[in-house]
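S.K.: Quick one: the structure is below, and I'll ask about it shortly.
Where a number appears in this text, it was derived from the coordinates with a stated rule and is not lab data. What you see is a predicted model, and the numbers here were worked out from it, not measured in a lab. Cβ: placed from backbone, ideal geometry, glycine included. Neighbour counts: every protein chain shown.
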Amino acid sequence: MGTLLYGNPGIVITFDDRALMHLQIVISTKLRRRESFIFTWSDSADEGSGRSAIWLDPTSTLYYRYFGSRTPSINRDWIEALMLSANSAGGLAFIAEPTPSPSISAKTRR
């Protein structure tokens, strides 16, 4: 399980390493473009099974902590789905990983 620490002293938000890597890509892309947005996710049963949200802007203090030593593979379909969400009026909503579509090279081999 990885964690995203937000703010100072810090709000700890837990995601598995694979999800956190995808979120890091999307959040970093938005902030690099100097775009502010809201980020929402469903809380675990341990935290009351509610929903939480934070406002992210280029001045936000973020720290990504991964517990595994290997970098997860990237699912481009998940990145695209998260980016579509992040670019919407409702902001970035964490969604489960979609099944990756076949790669272009796999399609051309058929």
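S.K.: Kindly express, to the nearest 10 degrees and within the range 0 to 90, the angle between helix 17-32's C-alpha long axis and the longest C-alpha principal axis of the chain.
M.R.: 80 degrees
S.K.: Next question, about the same structure. Taking other Cβ within 10 Å of each residue's Cβ, how do TRP41, TRP55, TRP78 sort, fewest first?
M.R.: Details: TRP41 19, TRP55 11, TRP78 22.
Fewest to most other Cβ atoms nearby, the residues stand as TRP55, TRP41, TRP78.
S.K.: What distance in nm separates the simple spin-label points at ARG32 and SER49, each placed 7 Å from Cα in the Cβ direction?
M.R.: For ARG32 paired with SER49, the spin-label model returns 3.9 nm.
S.K.: I've got another one for you. Quick one: angle between helix 76-86 and the longest Cα principal axis of the chain, in degrees between 0 and 90, rounded to 10, please.
M.R.: On a 0 to 90 degree scale, this one is about 40.
S.K.: Calculate, in nm to one decimal, what SER42 and SER73 gain on full extension: separation in residues at 0.36 nm each, minus their alpha carbon distance.
M.R.: Values: separation 31, 0.36 × 31 = 11.16 nm, distance 2.36 nm.
This chain segment gains 8.8 nm when fully extended.
S.K.: Please list, in chain and number order, the residues 5+ apart from GLY2 or on another chain whose amide H is under 5 Å from its amide H, with Hs placed from the backbone.
M.R.: PHE15, ASP16, ASP17, PHE67
S.K.: Sticking with this one: Residue by residue, what Karplus-based ³J(HN,Hα) values in Hz, rounded to whole numbers, does the range 45-58 have, using 6.51, -1.76 and 1.60 with θ = phi - 60° and x for Gly and Pro?
M.R.: Computed from phi, the couplings for the range 45-58 are 4, 4, 9, x, 6, x, 10, 10, 8, 9, 9, 10, 9, x Hz.
S.K.: Taking 0.36 nm per intervening residue step and subtracting the Cα-Cα distance, what contour gain separates ILE25 from ASP57 on full extension? The partial results should precede the final answer.
M.R.: Numbers: separation 32, 0.36 × 32 = 11.52 nm, distance 1.49 nm.
Full extension of this stretch gives 10.0 nm more.
S.K.: Continuing with the same structure: Let me have the 222 nm mean residue ellipticity of the chain computed from DSSP H runs of 4+ only, each contributing -39500 (n - 2.57), with the sum over all residues rounded to the nearest 500. Kindly include the intermediate steps, with their values, before the conclusion.
M.R.: Working: 3 runs with 32 residues, N = 110.
Rounded to the nearest 500, the figure is -8500 deg cm²/dmol.
S.K.: Taking all pairs of different Cα atoms in the chain, averaging 1/r and flipping that mean, what Kirkwood radius in angstroms comes out? Please list the in-between numbers first.
M.R.: On the way: mean 1/r = 0.0667 Å⁻¹.
For the chain, the Kirkwood estimate is 15.0 Å.
S.K.: Also, I was wondering about something else. Place a +1 charge on the Cβ of each Lys and Arg in the chain and a -1 charge on the Cβ of each Asp and Glu, then give the dipole magnitude about the Cα centre in debye, rounded to the nearest 20.
M.R.: Values: 12 positive and 10 negative charges, 130 e Å.
My answer is approximately 620 debye.
S.K.: Also: Full-extension gain between ILE11 and ARG65, please, as 0.36 nm times their residue separation minus the C-alpha to C-alpha distance. Could the numbers behind the result be given before it?
M.R.: On the way: separation 54, 0.36 × 54 = 19.44 nm, distance 1.28 nm.
Here the segment from ILE11 to ARG65 would lengthen by 18.2 nm.
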